[in-house]
1. As a test of the formula, what do you get for the chain when each DSSP H run with n ≥ 4 contributes -39,500 (n - 2.57) and the sum is divided by the residue count, at 222 nm and rounded to the nearest 500 deg cm²/dmol?
2. Using 0.36 nm per residue of separation minus the Cα-Cα distance, give me the extension gain between Glu10 and His124 in nm, one decimal.
3. Roughly how big is the chain's charge dipole about its Cα centre, with Cβ charges of +1 (Lys, Arg) and -1 (Asp, Glu), in debye to the nearest 20?
4. Where does helix 228-239 land angle-wise versus the long Cα axis of the chain, in degrees 0 to 90, nearest 10?
5. For a Förster distance of 22 Å, can you work out the FRET efficiency between the beta-carbons of Asp54 and Glu156, rounded to the nearest 0.05?
6. Of the options Val72, Ser176, Val225, report the single residue whose Cα projects farthest towards the positive end of the charge dipole of the chain (beta-carbon charges: Lys, Arg +1; Asp, Glu -1).
7. By how many nm would the segment from Val97 to Ala183 lengthen if fully extended, with 0.36 nm per residue of separation less the alpha-carbon distance?
8. Which whole-Hz couplings ³J(HN,Hα) result when phi for each residue of region 55-61 is put into the Karplus expression 6.51 cos²θ - 1.76 cosθ + 1.60, θ = phi - 60°, listed in order with x for Gly and Pro?
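Readers should treat all values here as calculations from the given coordinates under stated rules, not as data from a laboratory. Remember, it's a predicted structure, so these values are computed and weren't measured experimentally. Glycine gets a Cβ as well: all are built from the backbone with ideal geometry, and neighbour counts include every protein chain shown.
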Amino acid sequence: MSESPIASREAALRIALAARALNGLDVKAFVGALLDKLEAPLSEGKLAKLTVEDLRVLLAGDFAEQGCHVGVDGEALKEAVRLLWGEGLENQDFPAVAPYTEGEMPGSIRVAVAANRGENLDGHFGSCDRFLIYQVGQEAIRLIGVRSTAEADAEEDKNAARSALINDCQIVYVQSIGGPAAAKVVRAGVHPVKKPEGGAIREVLVELQGRLSSPPPWLAQIMGVPAASLARFEEGLETGEPA
């Protein structure tokens, strides 16, 4: 991603929701149009100054003087502007984020989840609206962040930018991911896990949580601890008994 952020995290969330309200407008094109009008970085303050007419002109581009509404009705424009202002976000399907201080869950791992609606694993890596970020420990599962992919999708290499967006996580759960994108995720230090069936993410994370005390080799490597099988072998060496 670019050295200077294109948009604040809150602004990116608003833009992603507004794009959805505008008949699923392409987020990259929408961000580009907003940058032309407002200049980088896009902030909550800048978005709050937009009017319905500003948005109509912005979407119509070269045809603005002809009163073109680019296939978006007035109510959709109003809804998009309200979302850009930050109004009504509490009625959207963004799950509540819990407070978290780095280091307060010793032995936990950080997990990203490709999501589109609510607290569900229902997204493909390259097209999901956002990543839900969880801290998963043996005693608790905590949602600590919701990261919009709007800014990442405005980058030239959106898959590399999406990988950078979650590079503080050890695992990312997705419904699907292509080979080239998976390679970029791995290079970012994140282990991709495909769950094609998707579903309620808490159920998936409870399953992961149950493995933390006795992790299989792939998870032990992520956690930086001996695998359960290796630990038993080492214990056998110390006692002189077979593992």
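1. Taken over the chain, the calculation gives -11500 deg cm²/dmol.
2. Stretched out fully, the Glu10 to His124 stretch lengthens by 38.8 nm.
3. With only Lys, Arg, Asp and Glu charged at Cβ, the dipole is about 220 debye.
4. The helix 228-239 is inclined about 30 degrees to the chain.
5. 0.20
6. Ranked along the dipole, the leading option is Ser176.
7. On the way: separation 86, 0.36 × 86 = 30.96 nm, distance 2.95 nm.
28.0 nm is the gain from fully extending Val97 to Ala183.
8. 5, 4, 5, 4, 6, 6, x
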